[in-house]
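Have a look at the structure below, then the notes.
Read the figures in this text as sums done on the coordinates, not as results from a lab. Only a predicted model underlies this, so the values are computations on that prediction, with no experimental measurement involved. Here the Cβ positions follow ideal geometry from the backbone for every residue, glycine too, while neighbour counts run over all protein chains shown.
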Amino acid sequence: MMVKARCWKFGDNIPSDLITPITIIFKGYEYIAQHVLERVRPEFPKLLKKGDIIVAGKNWACSSGRTTAPKGLKIAGVGLVIAESFSRTFFRNASEVGLPILECPGVTAKVNDGDVLEVDVTTGVIKNLTSGETIQATPPPPFQIELIKHGGLLKYLEEKGLPTNV
Amino acid sequence: MNMVEKILAKASGKKEVVPGEIVIADVDVIVMHDFGTHLVSNVFDKETKYTEIPNPDKVVIVIDHWFSPAAEDSATILRDIRAWAKKHGIKHLYDGGSGICHYVMFEEGFVRPGMVVVGTDSHTTCYGAFGAFGTGVGNQSHASLGLVFGKGWFRVPKTIKVQIDGELPKGTNMRDVVQHVIGVMGEDGAVYKAVEFAGSFVDSCSVLDRFTLPLMSVEMGAKTGFIQPDDKVIEFIKQRTNKPFELYYNDPDVEYESVHYFDVSKLGPQIGCPPTVGNTKSIEDVPRVTINQAVIGGCAGAKIEDFRLAAEILRGRKVHPEVRLLIIPGSRQIYMQAAREGLLDLFFEAGANIFPPSCGTCQTVNMGAQAAGEVMIATLPRNFPGRTGSPQASVYLASPMTVAASAIEGRITDPREFLGR
């Protein structure tokens, strides 16, 4: 699975409270998608193009483990999130809603805002087409790839039934 | 195996599990707060083909963020939650003003050692204080694996040990300890991991004082926190339920990814400074910032013990005229106990306002919001920008004693200045 797009860079410890704040999470996903991350970068939801990549620092989406964060990003059009590290709830919820994510220690030093990246989501190979550099992210666990391929946990269960062994 | 690995092995029908392995485990209790129930019920109704919840008695719903809705949109959400629970036969619904979901869980005897507990709230990590495995999972998990199949998927976590020894000096308490530990470990110091808390300090604490450790372990990124259950835990559980339970303990030869040692015998008050929980400083290193609001409440600071500590400082004193002190007991039992002990009168006479049992200002939806530029000091578990109103407001995290002392002085104040005065 390949993703090729420009990236939007964010810092360390961006909490779910700033990705999908309490003031927007009860207004439906169309509204959430229009306002996702605007508290950090007001232009983000307006200028985001379908498939764009987020590159973030450590502990992305800490604080409350709300599914609205990955789901809001996905519905807004984000194609992939790469971070130095994720909160475990975001890691889990992103896979469950079918949003590809990659953990890549050191990525923020090698990517600038606006760089164009070409990424193999299953192997974790990141090509920075702007700088020419190749970066290796941690390859995701097989169960996570399965969830992403099916488009999330609900479709996975629909198509494969209840897993007994994963 | 350790306690968590044994519980996950038992719940997934395996003899043994190893860190990194993904298991499908039986879930014993699902706890959902109001926000979570709203989001999960929407997924269940609109995104799945499931129509029934086969075991509604395993589900506990607590309306804890909205103790009473302030506007029509939230009233509508709550109306729909109640109707959804009724439709699916969920009897354990605790309505607004019952308290914080985790407090209701342990007070009403829903949690017992050996259980697997999942919840919509990230602080579901707290159940390791009672010999159980607890963790927060997302809306899709709840709406399918959890509610329909009574299961959850879990990657067996690696475990790190936090050993805390020593006896606390006067003027400091559990909140200072946990704030200090998170500061040293870092807010991502335990991401995906289980954190075991042990040591002479932990042993000496009451079960509910200990509860704050696994609860706050999520603020280091942990999947869960736990403490070996001792006689105090067994006694605590037996006082609240007569249902049977199974105790799991570490094997003697368990290995840890890392072990971290803390001695708290000289620890002074600790402050979690903006903008993250892990930005901990000793109070001596924090400027005496002027505050507008002080809050004693939230899952990390709404127990009767917390209010007793605050009362030690506030007894016979007045809240600064330019400070709003908000008191939010964590449950109805705690509210009643605080009333019986005269604490509510004491707080009220000091100038505080008393609010119904709830999450209070944590995820501000019906009280205590901050405007841009305002400063709050609070016992809340979190201080991330935008959780309590304006992202341009700031929140300092501290113990109930430090919050009380700061409320009196109108600026961040060391509670030891009041002790022995």
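A few points about this structure:
- One quarter of the convex hull surface built on the alpha carbon atoms of the protein assembly as shown amounts to 24.6 nm², the projected area averaged over directions.
- Size of charge dipole - the protein assembly as shown - debye, nearest 20, with Cβ of Lys, Arg +1 and Asp, Glu -1, no other charges: 940 debye
- For the segment A:63-74, counting C-beta atoms of other chains within 10 Å of every residue's C-beta and taking the mean gives 6.
- Rounded to the nearest 20, the Cβ-based charge dipole of segment B:3-243 about its Cα centre (Lys and Arg +1, Asp and Glu -1) stands at 720 debye.
- Pairwise alpha-carbon distances in chain B exceed 36 Å for 22% of all pairs.
- Cα lying deepest toward the dipole's positive end in the protein assembly as shown, options A:Phe90, B:Leu213, B:Ala132, charges on Cβ: A:Phe90
- Inter-chain Cβ neighbour average for residues A:148-154, partner chain, 10 Å: 3
- Relative packing of B:46-52, A:10-16, B:32-38, A:34-40, which averages over residues the other C-beta atoms within 10 Å, highest first: B:32-38, A:10-16, A:34-40, B:46-52
- Amide H contacts for A:Thr67 (H built 1.01 Å from N in the peptide plane; partners 5 or more residues away or on another chain; cut-off under 5 Å): B:Asn139.
- Summarising the label geometry, the points placed 7 Å from Cα in the beta-carbon direction at B:Glu235 and A:His150 lie 4.8 nm from one another.
- Pairs of alpha carbons in segment B:272-414 separated by more than 19 Å make up 43% of all such pairs.
- Pairwise centroid distance, computed over Cα atoms, of segment A:1-52 with segment B:155-188, Å: 33 Å
- Protection proxy ranking, highest mean first, for peptides B:133-140, A:127-134: B:133-140, A:127-134, where packing is the per-residue count of other beta-carbon atoms within 10 Å, averaged.
- About its Cα centre, the dipole of chain B is roughly 620 debye, where the only charges are +1 on Lys and Arg Cβ and -1 on Asp and Glu Cβ.
- Tensor-based shape of segment A:2-160 (alpha-carbon gyration tensor, a/c under 1.5 rounded, otherwise prolate or oblate): oblate
- ³J(HN,Hα), Karplus 6.51/-1.76/1.60, whole Hz, each residue of segment A:89-103, x for Gly, Pro: 5, 5, 3, 5, 5, 4, 4, 5, 9, x, 9, x, 9, 9, 8
- Note on A:117-127: average number of Cβ atoms from other chains within 10 Å of each residue's Cβ is 0.
- Estimated D of segment B:3-243 in µm² per second, where Rh is the Kirkwood radius over Cα pairs and Stokes-Einstein applies at 20 °C, 1.002 mPa s: 116 µm²/s
- Spatial extent of segment B:129-284: Rg and Dmax, with the Cα atoms as the point set, Å: 16.6, 52
- For B:Leu325, residues with placed amide H under 5 Å, excluding near neighbours: B:Ala294, B:Asn353
- Across segment B:354-366, coupling constants 3J(HN,Hα) worked out from phi with the 6.51/-1.76/1.60 Karplus curve, θ = phi - 60°, read 9, 10, x, x, 4, 6, x, 8, 7, 6, 4, 10, 9 Hz, and Gly and Pro carry x.
- Amide hydrogen neighbours beyond the local backbone of B:Ala132, cut-off 5 Å, H modeled: B:Gly114
- Flagged links, alpha-carbon separation over 29 Å, of B:Lys14/B:Lys303; A:Lys9/B:Lys193; B:Lys158/B:Lys243; A:Lys58/B:Lys266; B:Lys223/B:Lys243; B:Lys46/B:Lys158: B:Lys14/B:Lys303; B:Lys158/B:Lys243; A:Lys58/B:Lys266; B:Lys46/B:Lys158
- Alpha-carbon centroid distance for the pair segment B:369-390 / segment B:43-100, whole angstrom: 27 Å
- For segment B:300-346, the C-alpha radius of gyration divided by 2.2 N^0.38 Å, with N the number of residues, is 1.12.
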